[in-house]
Amino acid sequence: MKKLLLALPFIFAAQLAVAIDDQDKENYKNNYTTQLKPLVVQQLSADRPEMTAGAVDAEATAYVAKMAECQFVALSQFPENYRDKAIMPVAEGADIAETTYALNQELLQDIETGKLSKDRATMMITNAQESVQMCMNS
């Protein structure tokens, strides 16, 4: 019984960690959607002028929601240090383009300093791109 009681804080901590991860995921997807939806609406309106505003909005909403999920899944496959730098700033409301630029700069710096091989970086990025593509096509 004592061992069980001693383990309870760890069980609760593990549940909290999962909750934080779930919250970060939701925040990431919400912020991603908020930032990209206006661009998708604009592009969709230009590409398909015959669509009503409501239809454009509905299609853009569905597309961006799926893209946010797929992007999150792909970035989640990165090693932890890069994953956190790709996901957490956006989850906290940072600009996606700025976050991507900062991550790319870090990858380049790590390649230059030898912390990351060029082949490994290429494989990470290629795997992420393929993951997004497969997810979007599913």
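Only the coordinates and a few stated rules stand behind these numbers; no lab work does. Note that the coordinates shown come from a computational prediction; the quantities given were computed from them, not determined experimentally. All Cβ positions, glycine included, derive from the backbone under ideal geometry; neighbour counts span all protein chains shown.
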Charged-residue dipole, Cβ positions (Lys, Arg, Asp, Glu), the chain about Cα centre, Debye nearest 20: 520
Qualifying trypsin sites (Lys or Arg not before Pro) in segment 88-138, DSSP loop, other Cβ atoms within 10 Å at most 16: Lys115
Among Tyr101, Tyr82, what is the fewest-to-most ranking by other Cβ atoms within 10 Å? Tyr101, Tyr82
Length gain on complete extension for the stretch Met88 to Leu108, per 0.36 nm per residue less the alpha carbon to alpha carbon distance? 5.2 nm
Can you give me the distance in nm between label points at Val73 and Ser117, each placed 7 Å from the Cα along the Cα-to-Cβ direction? 2.9
Rounded to the nearest 500 deg cm²/dmol, what is the calculated helix-only ellipticity per residue at 222 nm for the chain, with -39500 (n - 2.57) per DSSP H run of length n ≥ 4? -30500 deg cm²/dmol
Using only alpha carbon pairs under 8 Å that are at least six residues apart, calculate the relative contact order of segment 21-137 and give it in whole percent. 33
So how do 48-55, 32-39 stack up, highest first, on mean other-Cβ count within 10 Å? 32-39, 48-55
Förster-model FRET efficiency, 25 Å R0, Ser138 and Asn27, C-beta, rounded to 0.05: 0.60
Report the gain in length on full extension from Ala65 to Glu80: 0.36 nm times residue separation, minus Cα-Cα distance, nm rounded to one decimal. 3.0 nm
